[in-house]
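Structure record follows, encoded as structure tokens.
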Amino acid sequence: MAIQTVGIVGAGTMGNGIAQACAVSGIDVVMVDISEAAVQKGVATVAGSLDRLIKKEKITAADKDAALARIKTSTDYADLKGAQLVIEAATENFDLKVKILKQLDEMLPADTLVATNTSSISITKLGAVTQRADKFIGMHFFNPATAMKLIEVIRAAHTSDETFEIIKNLSVEIGKTPVEVA
């Protein structure tokens with residue numbers, strides 16, 4: 001499965017950083033948050049970060065425009081239906097993550113991969129609240145996600161080898177160094 005579109009739930013520090021890493025690498029992004037103000041703040045943060053890269057001559061203005069054009073925003077989870085991967089990047093709160101994952105699980109097509117960006121919550125426990133445990137995985141991006149190269153790819157108890165390989169390959173595609181974590 002080729003990942004052409006990544007959905008991201010959460011437009012805060014981690015969500016917008018993940019969105020930027022994907023968009024700069026040529027992957028379309030749908031970034032969802034609870035309010036229009038939150039998603040617009042996330043896009044503004046990405047734009048500011050890209051402006052700093054232009055000043056450092058790491059990207060061009062055309063690169064910035066292309067990356068921003070790849071980021072669509074929404075306040076509706078239904079807009080994530082076209083993504084091959086949805087990354088939950090909400091705050092580190094188990095109950096909130098469970099609520100989001102259950103909503104995503106009910107709405108997303110059965111073949112959509114789902115990842116969580118968590119550093120402290122059991123991936124297996126989170127995957128267990130879904131009906132797609134084989135397609136559920138942890139992707140722990142380090143802060144700031146735009147600059148830190150390392151990404152922990154964390155298997156849950158039932159994560160399939162196929163899911164792991166897809167996520168490992170995507171991590172490399174977006175310029176990260178994946179490390180498998182149990």
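The values are calculated or read from the model by the stated rules, or taken from the named source; none is laboratory data. What you see is a predicted model; the values in this text were computed from it and never measured. All Cβ positions, glycine included, derive from the backbone under ideal geometry; neighbour counts span all protein chains shown. Surface accessibility is based on the protein's heavy atoms, side chains included, excluding ligands, DNA and RNA. Shrake-Rupley method; radii C 1.70, N 1.55, O 1.52, S 1.80 Å.
Summary table below
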quantity	calculated
Proximal charge balance of THR116 [Cβ under 9 Å; K/R count +1, D/E count -1]	0
5 Å-binned pair-distance histogram of the range 118-171 (Cα, whole percent)	4, 22, 27, 23, 16, 7, 1
Between 0 and 90°, nearest 10: helix 94-107 axis offset from the chain longest Cα axis	90
Burial order of peptide ranges 4-17, 153-166, 126-139 (average beta-carbon count within 10 Å, highest first)	4-17, 126-139, 153-166
MRE, 222 nm, helices only [DSSP H, n ≥ 4, -39500 (n - 2.57), over the chain, to nearest 500]	-12500 deg cm²/dmol
Percent of Cα pairs exceeding the 22 Å cut-off, where the set is the range 47-127	44
Acute angle (nearest 10 degrees) that the helix 36-55 long axis makes with the longest principal axis of the chain, alpha-carbon atoms	50
Rounded to 5, percent antiparallel among DSSP beta bridges of the chain	15
Taking the C-alpha atoms of the range 78-182, convex hull volume expressed per residue in Å³	95
Whole-angstrom gap from the range 49-112 to the range 129-172, using each part's C-alpha centre	15
Rounded tilt (10° steps) of 161-173 against the dominant C-alpha axis of the chain	10
Base-10 log of normalised Debye intensity for the range 7-85 (one unit scatterer per alpha-carbon) at q = 0.23, 0.25, 0.26, 0.27 Å⁻¹	-0.99, -1.13, -1.21, -1.28
Simple Cβ-charge dipole of the chain, Lys/Arg +1 and Asp/Glu -1, about Cα centre, in debye nearest 20	440
Contact order normalised by residue count of the range 12-126, Cα under 8 Å, 6+ apart, percent	27
Neighbourhood net charge (15 Å Cβ-Cβ; Lys/Arg +1, Asp/Glu -1) for ALA61	+1
The chain: radius of gyration and largest Cα-Cα distance (Dmax), Å	15.1, 46
Å² per residue, accessible surface of the chain at 1.4 Å	47
Accessible carbon and sulfur surface of the chain relative to its total accessible area, %, 1.4 Å	51
